[in-house]
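The values are calculated or read from the model by the stated rules, or taken from the named source; none is laboratory data. Predicted model only: the values in this text are computed from it and were never measured. Cβ placement follows ideal geometry from the backbone for every residue including glycine, while neighbour counts extend to all protein chains displayed. With ligands, DNA and RNA removed, areas are computed over all heavy atoms of the protein, side chains included. Shrake-Rupley method; radii C 1.70, N 1.55, O 1.52, S 1.80 Å.
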Amino acid sequence: MSRKNFRVIRDARWVAIAAAMMVIAGATVALGAVQRRAATSVAPQATGSATAKCKHGQVALAAGFAAPGFDPSGGGGGPVARFSSRFAGKRAVKTTGFNFGNNASELDSFAYCGKRARPPEVRSKHVQVSPNSFGSVVAKCPHGSQAIAGGFASNRGVITLTSRRAGKRGWKVGGPNINNSGSGPARLTAYAYCKAPGPKIVTRSKDTTVSSTFRTSTAKCPRHAKALSGGFDGNVRRSGEQLTAAGALDSKRTAHGRSWSTSALSVSAPNPATITTYAYCHR
């Protein structure tokens with residue numbers, strides 16, 4: 001082989017490698033590499049919401065939330081509990097919560113954005129949850145697609161304690177209706193954000209025991225993988241009238257996108273409970 005022909009082949013290989021790197025880099029951006037955050041201050045004993053918006057040319061691919069600053073030992077009452085965390089149109093994520101405390105508290109909403117021309121298809125399903133009862137529901141993606149992320153919403157007092165993938169096509173949410181004022185059942189809705197065929201997703205999970213104080217549970221993706229989305233499970237258990245579960249106040253991406261973290265405490269403290277954090281990872 002002549003030096004000229006070798007140089008042409010070598011240069012062609014570098015072009016191919018460079019093109020492959022551009023595709024990989026583009027896929028990283030496309031699969032939720034950009035985080036957008038919005039924050040609001042929620043007054044005591046009031047409902048508030050924050051909406052994080054992706055930039056023009058981007059779409060929302062996954063959602064997260066946080067209630068920073070809550071100190072269980074601070075004497076300020078309860079935290080901001082989320083009633084919803086879901087897409088608001090194609091470019092935004094809206095998080096709504098109620099401040100059970102005696103002081104104003106921050107509520108954060110996170111949108112994980114990508115440059116895909118076609119946004120995820122949203123599928124939803126709801127269930128009616130009676131006062132002082134627990135309910136759960138699964139939203140399913142169409143055949144040939146998969147759930148890359150999900151969300152939840154309630155029209156009244158359901159506190160979502162579980163929000164996670166259910167198989168490849170489903171997203172499951174569950175929680176108790178804490179409204180005992182006789183106003184009737186509340187609607188709990190699960191949202192599945194679907195892509196066809198979607199990226200190859202690897203699931204990682206981490207169990208952590210929680211009680212009266214906050215603990216953070218972090219599920220880390222494999223090497224060279226990023227967390228496309230995440231979820232949590234409060235592992236609800238009922239013994240007679242006693243409900244044991246962990247409540248997540250934060251659920252968001254961490255560690256430069258390589259993991260998903262959940263900050264939680266036991267809703268039945270001082271009795272311990274288990275929080276399971278899920279990271280749904282892609283390369």
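May I ask you to give the percent of accessible area on the range 149-283 that is carbon plus sulfur, with a probe radius of 1.4 Å?
Its accessible area is 47 percent carbon and sulfur atoms.
How far is it, in nm, from the label point at ALA104 to the one at ARG223 when both lie 7 Å from their Cα along the line to the Cβ?
Taking the two extended label points, one gets 4.9 nm.
What percentages make up the Cα-Cα pair-distance distribution of the range 52-112 when the bins are 10 Å wide from 0?
24, 41, 24, 10, 1
Which order do peptides 143-152, 47-56 fall in by mean Cβ count within 10 Å, highest first?
Put in order of decreasing packing, that is 143-152, 47-56.
What whole-number value in cubic angstrom gives the convex hull volume per residue for the C-alpha atoms of the range 239-283?
In the range 239-283, the Cα hull volume divided by residue count equals 75 Å³.
No solvent, one uniform scatterer per C-alpha: report log10 I(q)/I(0) for the range 163-277 via the Debye equation at q = 0.12, 0.13, 0.21 1/Å, two decimals.
Calculated log10 I(q)/I(0) at the listed q: -0.50, -0.58, -1.20.
Would you mind getting me the FRET efficiency between HIS256 and LYS55? Use the beta-carbon distance for r and R0 = 25 Å, nearest 0.05.
Given R0 = 25 Å and the Cβ-Cβ separation, E is 0.80.
How far apart, in nanometres, would the label points at SER183 and VAL202 be if each is projected 7 angstrom from Cα along the Cα-to-Cβ direction?
So the two model labels end up 4.6 nm from each other.
Spin-label point model (7 Å from Cα, Cβ direction): what's the SER41 to ASP71 distance in nm?
For the pair SER41/ASP71, the computed spacing is 1.7 nm.
Taking H as built 1.01 Å from N, whose amide H comes closer than 5 Å to the amide H of ASN155, not counting residues under 5 places away?
Amide H to amide H, under 5 Å and 5 or more residues apart or across chains, ASN155 pairs with ARG187.
Hey, what did the range 110-225 get for relative contact order, percent, Cα under 8 Å, at least 6 apart?
30 percent
GLN128 label point, 7 Å along Cα→Cβ, cut-off 14 Å on backbone N: hits in the range 160-204?
The answer is 183-188.
To one decimal place, what Kirkwood hydrodynamic radius in Å is obtained for the range 57-165 from all pairs of distinct Cα atoms?
Averaging 1/r across every pair of different Cα atoms and inverting gives 15.6 Å.
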